[in-house]
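I have placed the structure first, in the form of structure tokens, so that the comments after it can refer back to it.
The values are calculated or read from the model by the stated rules, or taken from the named source; none is laboratory data. No experiment lies behind these values; they were computed from the predicted model shown. We place every Cβ from the backbone using ideal geometry, glycine too, and count neighbours over all the protein chains shown. Only protein heavy atoms, including side chains, enter the accessible area calculation; ligands, DNA and RNA are left aside. Shrake-Rupley method; radii C 1.70, N 1.55, O 1.52, S 1.80 Å.
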Amino acid sequence: MKILVINTGSSSIKYELFDMDHHVKLAAGLAEKISEDASVLKHEKVNKNGESVKKIEKQKIPDHRAGLNRIVELLTDPEFGAIQNKSGISAVGHRVVHGGEHFHSTTLIDESVMKAVRENVPLAPLHNPPNLIGIEVAHTVFPESPQYAVFDTAFHMSIPKRAYLYAIPMDMYVKDRVRRYGFHGTSHAYVAEKAAEHMNRPLSDLNMITIHLGNGASMSAIQKGKSIDTTMGMTPLEGLVMGTRSGDIDPAIPFYLSDHLNMSLKEINTLLNKKSGLKGLCGTNDMREVIQRIQTGDEQAKLALDVYTYRIKKYIGAFYAALGKLDCLVFTAGIGENNPLIRNLCCSDMNELGIELDNERNNNPAKGIKEVNSSNSRIKVLVVPTNEELKIADETKKCLLSQ
Ligand code: AMP
């Protein structure tokens, strides 16, 4: 069984093709700057021995449909492809960012699902419209293959009211759907499953805090496999300090900025989403650069990292209290998987809480799942590489087989 996973952005299509019988990636790629003269398509075919053959094309991709058609040509190309023709694709799994309260799990896409995703556009104006374009285009390119939507929000639909309601007039929730939804659900769910497998215990027996630290960042408190709280809110702006997003701030700050600096709502939106976080604090949103600058004695970069890791630590405490009992902490995504210093700072001085890292294990650069806690640590601390695309393929397969 072959499953194609598609993640469509406003000017991009990211894709991965999986052989689900052997649980391996066959091909992957990214079409970027769609509709611009400088469009780029990077494609990679993965051979049986795990080596990859790469192809980069630099020619204008006029729109998403043309992009997906070219991707199909590459996937079926004798040299760079992995299948003979597109009917070899059993199903397509789409990443859809906002499912609102409609969707608690992966869903076969039909007209009613499209309508519901459209209704959620006001909640995710930057993400849901391109996701819808991706589905519409894929539907015409793969008319024979069923299409499934895997929602970033679905995993967090188990969060109870006390955690998802904001303390504002109830009508705002009931009529206008203002509540916390949470995102990165696919990643939190995936690493939680992998952590349980690693610990050789059923997920339903474990309480975890998963910490996804990429360009976007969020944490999830997971009780017996179900998300009971998360740091992102109605939008991905709430919670942790991120690459360019502020995370939590006093909600009165925008009023102050408007009154005292005459900033418009649009400017404040850009400020908090694009110019804040690490970038706002020290001028770069690339954590590797922050670390390099710290190594050369840069105080501003050091302060940015302090703010970044302190926020994570504070949420570890909050989620620990919410869970009551904690079995493991899981670090994942670009920063969480690759940076021992950040893991160290997030877990520092928490011996009394049962969290203690082992320096040697934490500094071991080996890839894959690893345990980085000391043997005294009551709580396991794991590094688990995330794989949102594989999780989307797994979910798609599960749904396809259950129908
Ligand atoms: P992601 O969104 O998961 O691709 O993560 C992107 C972030 O991971 C960027 O801020 C990168 O700078 C960061 N990153 C990748 N590798 C490392 C590393 N070795 N140390 C620190 N940050 C890293």
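In the structure displayed, which of Lys33/Lys266; Lys33/Lys54; Lys25/Lys367 lie more than 22 Å apart, Cα to Cα? The pairs that break the limit, which is 22 Å between Cα atoms, are Lys33/Lys266. Cross-link partners for Lys55 among the lysines, with Cα-Cα distance under 16 Å and sequence neighbours closer than 8 places in the same chain left out: Lys14, Lys42, Lys45. Per residue of the chain, the DSSP helices (runs of n ≥ 4 H) give a summed -39500 (n - 2.57) that works out to -11000 deg cm²/dmol at 222 nm. Taking a ≥ b ≥ c as the square roots of the eigenvalues of the Cα gyration tensor, the chain is classed as rounded, since a/c falls below 1.5. If you take the Cα centroid of segment 128-187 and the Cα centroid of segment 353-403, the two points sit 25 Å apart. Computed over every Cα-Cα pair of segment 1-74 and binned at 10 Å starting from 0, the pair-distance distribution P(r) comes out as 21, 50, 24, 5 percent. Taking a point 7 Å from the Cα of Ser10 along the Cα-to-Cβ direction, the residues of segment 235-253 with backbone N closer than 19 Å to it are 235-238, 243-246.
The calculated P(r) of segment 246-403, using every Cα pair and 5 Å bins from 0, goes 2, 8, 13, 15, 15, 15, 13, 9, 6, 4, 1, 0 in percent. Working from label points 7 Å from Cα in the Cα-to-Cβ sense, the His22 to Leu303 distance is 5.4 nm. About its Cα centre, the dipole of the chain is roughly 160 debye, where the only charges are +1 on Lys and Arg Cβ and -1 on Asp and Glu Cβ. Using R0 = 30 Å, the C-beta based FRET efficiency linking Lys398 and Asp110 works out to 0.95. Using a/c under 1.5 as the rounded threshold, could you call segment 275-333 rounded, prolate or oblate? The axes a ≥ b ≥ c are square roots of the C-alpha gyration tensor eigenvalues, and prolate needs a/b larger than b/c, oblate otherwise. Prolate. The overall shape of segment 108-171, judged from the alpha-carbon gyration tensor, is prolate: a/c is not under 1.5, and a/b is greater than b/c.
Ordered from highest to lowest accessible area with the whole protein assembly present and a 1.4 Å probe, Glu144, Glu51, Glu36 read as Glu144, Glu51, Glu36.
Pairs of lysines in segment 157-255 whose Cα atoms sit within less than 23 Å of one another amount to 5, provided the residues are eight or more positions apart or on different chains.
In the full protein context, the chain carries 47 Å² of accessible surface per residue, based on a 1.4 Å probe and ignoring ligands, DNA and RNA. Between amide H atoms placed 1.01 Å from N, distances below 5 Å from Ile228 occur with Ala221, Ile222, Gln223, all of them 5 or more places distant or on a separate chain. For Lys54 and Asn344, the difference between the fully extended length at 0.36 nm per residue and the C-alpha to C-alpha distance is 100.8 nm.
Per residue, how big is the convex hull around the C-alpha atoms of segment 38-165? Give it to me in cubic angstrom, could you? Each step should come with its number before you reach the end.
Values: hull volume 18.7 nm³, N = 128.
So the per-residue Cα hull volume is 146 Å³.
Would you work out what percent of the accessible area of the chain, with all protein chains in place, is carbon or sulfur (probe 1.4 Å)? After summing per-atom areas, the C and S share lands at 51 percent. Among Asp327, Asp77, Asp259, determine the one that fluctuates most according to a GNM of the chain built with springs between C-alpha atoms less than 10 Å apart. In the Gaussian network model the winner is Asp259. The phi-based Karplus calculation (6.51 cos²θ - 1.76 cosθ + 1.60; θ = phi - 60°) puts the 3J(HN,Hα) values of segment 362-369 at 5, 7, 5, x, 4, 7, x, 5 Hz, whole numbers, x for Gly and Pro. Solvent-accessible surface of protein heavy atoms, probed at 1.4 angstrom with all chains present, puts Ser187, Ser402 in the order Ser402, Ser187, largest first.
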